[in-house]
1. Round to a whole angstrom and tell me the spacing of the C-alpha centers of the range 23-79 and the range 421-454.
2. Using a 1.4 angstrom probe on the protein heavy atoms only, could you order GLU52, GLU180, GLU327 from most to least accessible area?
3. For the chain, what % of the accessible area comes from carbon and sulfur atoms, probe 1.4 Å?
4. For GLN234, what is the net charge nearby, where nearby means another residue's Cβ is under 15 Å from its Cβ and Lys, Arg count +1, Asp, Glu -1?
5. Please report, to two decimal places, log10 I(q)/I(0) for the range 227-272 at q = 0.20, 0.25, 0.26 Å⁻¹ as given by the Debye formula with identical point scatterers on the Cα atoms and no solvent.
6. Pick out, from ASN379, VAL191, MET94, the residue whose Cα sits farthest towards the positive end of the charge dipole of the chain, with +1 on the Cβ of Lys and Arg and -1 on the Cβ of Asp and Glu.
7. If you take the square roots of the eigenvalues of the alpha-carbon gyration tensor of the range 171-230 and sort them as a ≥ b ≥ c, do you get rounded (a/c under 1.5), prolate (a/b over b/c) or oblate?
8. Near SER301, within a Cβ-to-Cβ distance under 11 Å, what is the net charge of the other residues, with Lys and Arg +1 and Asp and Glu -1?
Amino acid sequence: MFTNKLIDRYSKLPKQAKASFWFLICMILQKGINILTTPIFTRLLNPELYGEYSSFTSWESILAVFVTLKLTSGVYTQGLVKFHEKKAEFSVAMQGLSTFIIFCFSIVYALFYQFFNNIFGLNTYQMISLFVILWTGEIFSFWLCEKRVEYEYKFLVIISIIVSVAKPLAGIFAILAFDEKVTARIISMAVINLIFYTPFLIVKFREKKPFISRKIWKYALVFNLPLIPHYLSQTVLSKADVIMIRDMIGVDKAGIYNLAYQLAMILLIINSAMMQTMTPWIYGKIRDKQIGDIKGVAYLSLVAIAILNLLLIVFAPEVIMVFAPPEFYEAIWIIPPIAMSGVFIFSYDLFSSYQFYFEKTFFVMIASIAGAAINIALNYIFIPIYGYMVAGYTTLVCYIFYAFGHYVFMNKICREKFPDTKPYDIKILLIIYITFMLISFAIMFTYSNIVLRIFATLLLVCIPLIFRRKIMYHLKNAISFDNGKMKIK
């Protein structure tokens with residue numbers, strides 16, 4: 001009966017709502033299966049080999065900014081709307097631009113391959129696979145963006161499921177079948193991409209539209225090139241740690257750190273899902289000059305994200321035991337600071353919405369570059385002194401600075417656009433941040449004693465229950481509802 005009600009409600013949903021739901025499911029599938037298969041790969045690859053693979057994925061993320069120019073990160077979706085009457089021509093031309101850029105980089109690599117192999121610490125097979133993965137990944141991303149705009153999701157779900165399952169299966173087979181385990185794993189990813197993604201480019205060829213368009217190429221380059229420093233800074237902020245640990249400490253420690261980073265960032269899936277839901281609503285409130293309605297929802301969302309990250313910190317030792325063998329156990333001490341970073345990453349999304357809405361991309365770029373530069377500098381100074389684990393804390397410091405920078409620029413914009421309204425109350429934000437971080441650090445001291453950790457966890461759960469009346473009293477005094485809208489007094 002309950003199932004029939006759900007099916008009936010789902011059938012009555014508009015096409016846009018159904019599409020948004022399935023796009024979210026596809027994103028969770030793609031990232032979730034990677035996470036669920038991590039215990040397999042950490043047992044097939046020792047920390048040194050896992051570190052080598054982690055180094056490849058880090059370079060892949062960084063080089064993607066240059067090799068693809070992140071053409072699918074904004075300009076393509078906007079262009080599909082702007083060039084709606086010539087959507088087919090725009091789509092084909094963007095595929096042509098992407099292929100041309102990747103081809104040019106491939107030629108440069110072919111001419112100086114030994115030089116680049118030495119710089120990136122990758123062999124020729126790995127570098128060729130990297131270009132194939134980036135090229136085919138862009139083909140799929142273009143098709144994905146197009147389907148999102150058109151709200152077509154059925155075939156996308158099928159492809160997502162097949163590829164999400166095929167990649168880890170092919171990787172496991174490749175590792176077991178070949179001696180060069182990391183290279184085999186990387187090549188298997190490139191092969192799966194070639195098999196399932198290149199048909200989308202062939203379909204574009206059959207449309208017989210020009211792959212070269214000066215107008216469209218110029219539009220795309222003018223829009224995206226100024227954002228390259230921002231995209232690069234974001235990637236460096238999340239990936240530079242692994243590369244620097246590999247070069248300064250060792251490949252095995254890079255593997256341990258990357259495992260901790262991946263597990264600590266699991267909740268970014270929830271971050272992304274929540275922001276995908278909130279962003280259109282936030283933009284609508286900004287457009288209607290009702291930004292006072294945003295803060296209440298933002299505070300509650302931030303507290304929810306903090307609680308989820310806190311739970312991850314509490315159970316970090318058990319998470320590592322499930323996801324990796326004993327050689328990786330040091331990773332438990334890295335998870336807390338990186339999990340804390342997740343709260344500030346979510347805060348960045350809340351603050352930067354104002355900058356993106358008013359197209360103040362220069363502010364976005366400045367804050368991003370500063371955060372990445374500080375990260376590299378702190379790693380360079382402190383990793384040789386305190387070891388690789390300190391990278392977790394430099395990451396936390398940088399994301400705090402990152403969020404603070406966007407908060408400052410958000411306030412600057414709001415003083416101009418909304419002089420009578422403050423977007424957020426800094427006191428409430430600080431209470432959330434400080435409380436979350438104090439509890440997180442306190443829990444870390446219980447890792448060596450499971451009885452003490454269980455007691456501390458129960459205490460954290462019981463305190464809100466014991467004082468629930470006072471908490472509700474203060475919430476009622478702090479929050480009011482006006483026509484169904486939550487407001488902070």
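The values are calculated or read from the model by the stated rules, or taken from the named source; none is laboratory data. The shown structure was predicted, so the numbers you read here are calculated from the model rather than taken from an experiment. Every residue, glycine among them, receives a Cβ derived from its backbone with ideal geometry; neighbour counts consider all protein chains shown. Each accessible area value is taken on the protein alone, full model and side chains, heavy atoms only, with ligands, DNA and RNA left out. Shrake-Rupley method; radii C 1.70, N 1.55, O 1.52, S 1.80 Å.
1. When both Cα centres are located, 30 Å separates them.
2. From most exposed to least exposed: GLU180, GLU327, GLU52.
3. Taking all protein chains in place, the chain shows 69 percent carbon and sulfur surface.
4. -1
5. These q points yield log10 I(q)/I(0) values of -0.74, -0.91, -0.93.
6. The Cα lying farthest towards the positive end belongs to MET94.
7. oblate
8. 0
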